[in-house]
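J.: Mind looking over this structure? Questions follow.
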Amino acid sequence: MKVTAAFIGLGIMGYPMAGHLANAGVEVQVWNRTAAKANTWAAEYQGKACESIAATVDNADFVFTCVGADTDLTEVYEGSDGIIANAKPGAVLVDHTTASAGIAEKLAQLARARNLEFIDAPVSGGQQGAERGQLTIMCGSEPDAFSQAKPLMEHYSKALNLMGPVGSGQKTKMVNQIAIAGLVQGLSEALHFAEQAELDVRKVVDVISKGAAQSWQMENRSGTMIDGEFEHGFAVDWMRKDLAICLEEARKNGARIPVAALVDQFYGDVQQMGGNRWDTSSLIQRLRKKG
Ligand code: NAP
């Protein structure tokens, strides 16, 4: 029997993810707040663009979402027009948004009351990972719900893991963002130091990337950092949203994350410089700022 999937939120990430499902033969129907994107998607993938969330989800076996933040999740999941009120009983809801663990737990509870399963499934790998179907997906759910949704998520992931109960996917993504925050600041300081020392910065990177300083950020971002190019990648606004979630969770669980808190402030400086949509590697620009 053919599986029907609804996909809500066709942004930079959602658009290609929904595309991979359609390319794999899944019957995909989509909804996007800005309808034009849904129509473009439907034309590209021979899928169906629906006019409301209710019409998108009411016959779907799986409902995928990839929107912005907690408040957006409340808008699309809750209320009489939302996913939970209109999904088919027994359906599995999979949320790829990076959001708080608290909202995941709340939505899972609301879903359960309607005999629906909920999986928090934030991703890492960025636009390129989504387009290539090579995302890392960190899930929190009941094991049975994960087993059901796994074959579908495999169409756009290279690593897919169940981390624990609902909320565990979001908490794992927080660990990822905390690790990245300190790393990007460290790399920014290192490259800035090399510039100030009037070294051949590219040569420095070439040498040290073969040793213990090597990282994904160094490999994939040092070149554009040296060139001062930031119109790509993962936006500073998104990172600040994610770090706010991390700081809130740390307040609850008692973790001490002073560097992440500081780097969050540094990203505030980058926003002040007009860098809201710049890639997170733009932290180096506030060090270069003169005066
Ligand atoms: P994006 O391009 O801005 O797309 C956001 C999508 O959500 C759009 O389709 C938008 O609709 C929809 N949306 C937002 N608020 C909504 C609301 N209140 N009601 C209905 N639809 C709403 O963002 P993205 O880059 O795809 O990111 C999506 C999520 O993935 C975020 O949580 C982000 O943190 C996470 N993420 C992103 C990356 C990345 O590299 N971009 C990497 C990992 C994780 P409209 O088209 O109408 O605006």
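The values are calculated or read from the model by the stated rules, or taken from the named source; none is laboratory data. What you see is a predicted model, and the numbers here were worked out from it, not measured in a lab. For neighbour counting, all protein chains shown are included, and Cβ atoms are generated from backbone atoms with ideal geometry for every residue, glycine included. Only protein heavy atoms, including side chains, enter the accessible area calculation; ligands, DNA and RNA are left aside. Shrake-Rupley method; radii C 1.70, N 1.55, O 1.52, S 1.80 Å.
J.: Return the residues of the stretch 243-267 that are under 24 Å from Ala190 (Cβ atoms) and surrounded by 14 or more Cβ atoms within 10 Å (Cβ to Cβ); say none if nothing qualifies.
T.: Leu243, Cys246, Ile257, Val259, Ala260, Ala261, Val263, Asp264, Phe266, Tyr267
J.: Quick check on this structure: which one of Ala104, Ala99, Ala111 is within 16 Å of the ligand (Cβ to nearest atom) and part of a helix (DSSP H, G or I)?
T.: Every option except Ala104 fails the conditions.
J.: Restricting to the stretch 210-244, name every residue that is among the acidic types (Asp, Glu) and at positive phi.
T.: None - no residue of the stretch 210-244 is among the acidic types (Asp, Glu) and at positive phi, so the list stays empty.
J.: How many residues does the stretch 156-175 hold that are of a type in the set (Lys, Arg) and open to solvent by less than 40 Å² (accessible area, probe 1.4 Å)?
T.: Here the count works out to 1.
J.: Let me ask you something else. Tell me which residues, restricted to the stretch 268-291, are under 18 Å from the mean Cα position of the chain (by Cα) and open to solvent by less than 60 Å² (accessible area, probe 1.4 Å).
T.: Once the filter is applied, which keeps residues that are under 18 Å from the mean Cα position of the chain (by Cα) and open to solvent by less than 60 Å² (accessible area, probe 1.4 Å), the stretch 268-291 yields Asn276, Trp278, Asp279, Thr280, Ser281.
J.: Please tell me if Asp61 is under 21 Å from Ala111 (Cα atoms), within 15 Å of the ligand (Cβ to nearest atom) and among the charged types (D, E, K, R).
T.: It is false that Asp61 is under 21 Å from Ala111 (Cα atoms), within 15 Å of the ligand (Cβ to nearest atom) and among the charged types (D, E, K, R).
J.: Could you count how many residues in the stretch 200-209 are closer than 17 Å to Leu183 by Cα and open to solvent by 50 Å² or more (accessible area, probe 1.4 Å)?
T.: 1
J.: For the subset of the stretch 114-130 comprising residues that are more than 8 Å from the ligand (Cβ to nearest atom) and within 22 Å of Thr56 (Cβ to Cβ), which member is surrounded by the most Cβ atoms within 10 Å (Cβ to Cβ)?
T.: The extreme case among them is Asp120.
J.: Determine whether Lys106 is more than 30 Å from Trp278 (Cβ to Cβ) and not polar (S, T, N, Q).
T.: Taking the combined requirement at face value, the residue satisfies it.
J.: Output the number of the condition that Arg221 fails; it satisfies all remaining conditions of (1) open to solvent by less than 70 Å² (accessible area, probe 1.4 Å); (2) without any contact (Cβ under 8 Å) to a residue 60 or more places away in the chain; (3) assigned to a helix (DSSP H, G or I).
T.: Result: Arg221 passes all but (2).
J.: Need a quick list: helices (runs of 4 or more DSSP H) entirely within the stretch 133-214 having at least 2 residues that are in the same structural domain as Pro258 (by TED's automatic domain parsing) and touching a Ser or Thr at 6+ places or on another chain (Cβ under 6 Å).
T.: Answer list for the stretch 133-214: 168-196.
J.: For Thr74, only one of the following conditions fails: (1) in a helix (DSSP H, G or I); (2) more than 14 Å from the ligand (Cβ to nearest atom). What is its number?
T.: The failed condition is (2).
J.: Can you tell me which residue is nearest to Gly125 (Cα to Cα) among those in the stretch 1-49 that are within 13 Å of the ligand (Cβ to nearest atom) and assigned to a loop (DSSP other than H, G, I, E, B)?
T.: Out of the qualifying residues, it is Met13.
J.: In addition: Can you report the number of residues in the stretch 224-242 which are within 13 Å of the ligand (Cβ to nearest atom), assigned to a helix (DSSP H, G or I) and either assigned by TED's automatic domain parsing to the domain that holds Ala69 or open to solvent by less than 20 Å² (accessible area, probe 1.4 Å) (or both)?
T.: Qualifying residue count, the stretch 224-242: 3.
J.: Now, a different point. Considering only the stretch 44-51, I want to know if a residue exists there that is buried (at least 20 other Cβ atoms within 10 Å of the Cβ), assigned by TED's automatic domain parsing to the domain that holds Ala99 and touching a Leu at 6+ places or on another chain (Cβ under 6 Å).
T.: No, the conditions are met nowhere in the stretch 44-51.
J.: Does the stretch 131-149 hold any residues that are surrounded by fewer than 17 Cβ atoms within 10 Å (Cβ to Cβ) and in contact with a Leu (Cβ under 7 Å, 6 or more places away or on another chain), and which are they?
T.: Selection gives Pro143 alone.
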